[in-house]
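What follows draws every value from the coordinates through simple rules; no lab data is involved. Every value quoted in this text rests on a predicted model; they were computed, and no experiment measured them. All Cβ positions, even for glycine, are placed from backbone atoms using ideal geometry, and neighbour counts span all protein chains on display.
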Amino acid sequence: MSEPSGPQWVARFPGSTSPSDLLPEFRDRVQAFISAMKNGGANVKISATYRPPERAYLMHWCSRIAGYTDPKTHQHVIDPPSAATPMAGVAIDWTHGGDDSAARAAAAAMVAGYGIKYPAVLVSRHTQRRAVDMTIDWTGTLTVRDFNGQERRITMPPRSGSNQILVDVGRSFGVIKLMTDPPHWSDDGH
């Protein structure tokens, strides 16, 4: 028996915020990069590493049923609840027995519960253990050593993960920034 979609699903199939749940080589690079930033005076808060496929599935379909604006085309995308494909092990009723209004409201509540800002995909670097979402900030000058030990002084804004010098430092560690998604870093920039 399927359970209707809604905010109660958000706590199920929890994701990780621990670098230890990443692929070993990428984990080591992420930990070294974070250590270099913290040693330089940055604040680093990880919000996501590994995302179980079930969680990605729930995030994907709630964002499509609730509707979102595609960041590349700026077109509004919305799918009928009946378009959601089933996933083994996730007994969810996206359609609410054919009540589209209830289904869309439940999907919107899930989007809010997950804090989804960008359309969620079914397979991502997070489901592959190859990505980390982190918020980075600092005050004043950040002095950080890149992977080769070269000291880099960051004096100009932004004082965030979008700073181009910090992006270059991350790349030296093999932790590559996806510039269109503020907290997202991965092993290949996707």
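General observations
- Unmet requirement for residue 123, which otherwise passes all of (1) out of contact with any strand residue (DSSP E or B) (no Cβ under 9 Å at 6 or more places or on another chain); (2) of a type in the set (Val, Ile, Thr); (3) buried (at least 18 other Cβ atoms within 10 Å of the Cβ): (3)
- Of the numbered criteria (1) assigned to a loop (DSSP other than H, G, I, E, B); (2) within 18 Å of residue 30 (Cβ to Cβ); (3) polar (S, T, N, Q); (4) under 21 Å from the mean Cα position of the chain (by Cα), the one residue 148 fails is (4).
- Count of region 161-175 residues, restricted to those that are touching a strand residue (DSSP E or B) at 6+ places or on another chain (Cβ under 8 Å), within 11 Å of residue 29 (Cβ to Cβ) and surrounded by fewer than 20 Cβ atoms within 10 Å (Cβ to Cβ), is 1.
- Test: residue 95 is among the hydroxyl-bearing types (Ser, Thr, Tyr), touching a residue at least 24 places away in the same chain (Cβ under 8 Å) and buried (at least 18 other Cβ atoms within 10 Å of the Cβ): no
- Scanning region 92-120 for residues that are in a loop (DSSP other than H, G, I, E, B), within 24 Å of the chain's Cα centre (by Cα) and within 12 Å of residue 5 (Cα to Cα) returns a single hit, 94.
The rows are residues; the columns are (1) farther than 30 Å from residue 107 by Cα; (2) of a type outside the set (Lys, Arg); (3) in a helix (DSSP H, G or I); (4) free of Cβ contacts under 8 Å to residues at least 12 places away in the same chain.
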{"residue": "17", "(1), (2), (3), (4)": "no, yes, no, no"}
{"residue": "30", "(1), (2), (3), (4)": "yes, yes, yes, no"}
{"residue": "34", "(1), (2), (3), (4)": "yes, yes, yes, no"}
{"residue": "38", "(1), (2), (3), (4)": "yes, no, yes, yes"}
{"residue": "47", "(1), (2), (3), (4)": "no, yes, no, no"}
{"residue": "51", "(1), (2), (3), (4)": "no, no, no, no"}
{"residue": "54", "(1), (2), (3), (4)": "no, yes, yes, no"}
{"residue": "57", "(1), (2), (3), (4)": "no, yes, yes, no"}
{"residue": "60", "(1), (2), (3), (4)": "no, yes, yes, no"}
